[in-house]
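The values are calculated or read from the model by the stated rules, or taken from the named source; none is laboratory data. What you see is a predicted model; the values in this text were computed from it and never measured. Because the Cβ atoms are built from the backbone with ideal geometry, glycine has one as well, and the counts that use them run over all protein chains shown. What goes into the accessible areas is simple: the full protein's heavy atoms, side chains included, and nothing from ligands, DNA or RNA. Shrake-Rupley method; radii C 1.70, N 1.55, O 1.52, S 1.80 Å.
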Amino acid sequence: MKSSLSQVLRTSSLTLSALAISGLALCFSTAVNAEQYIFPEDGQSKEQQSIDKQSCHAWAVEETGFDPENPQVAESISYAAPTSTTQSVEQGSDSGSGMRGAMAGAAAGAVIAEIGDEDRSDAAATGAAVGAIAGRRQSRRSNAQAAEQQAQAEQNAAQQQAQAQAAENQSVQLANTQGTENYLKASSACLEAKGYSVK
């Protein structure tokens, strides 16, 4: 049980990490593709080209609200697994479950002995022993089932967070792609107005 819980948490953690890394890579790949090739048609000097590029860059950023040098980055959605579940599994049965079972077994044994006219002390002792074992078993089963349900709930939560991370990454990538396209159009318009051929 403990190993399956650890495996679920490890798998969920790896999935989230992979999604976050791929999302960041996609966001930064948009910025790399934002390069323009500029040719000075009117014989502008290197210094004038640099001034014009900076001027058109600032104008395009202002017009579009997008700066390809600083694209949006998806927020990372983190997931921390609680450790209380593994402690319950390791401990086995709840404290006092054997005593409660023993008391119920002793009472049942005494009643059965009374009906059958047998020695009540032996029947109560036997009932207490059987009840203690049954109480501990039931407690262990309940704890194992609760731990399994908790592990499943954590896995579901991790999957939902992974889906949310993927949606966030896709949204940011789309915004960066659209922003880059708008920026390039605005920058090209500015540079062409200043006498450059832009490709």
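For the reader, a short list of remarks on this structure follows.
- Taking a Cβ cut-off of under 13 Å around ASP42, the surrounding Lys, Arg, Asp and Glu residues balance to a net charge of -2, with basic ones at +1 and acidic ones at -1.
- For the set GLU168, GLU192, the ranking by accessible area, highest first and with no ligand, DNA or RNA atoms included, is GLU192, GLU168 under a 1.4 Å probe.
- Cα gyration tensor shape for the stretch 144-199, rounded if a/c is under 1.5, else prolate or oblate: prolate
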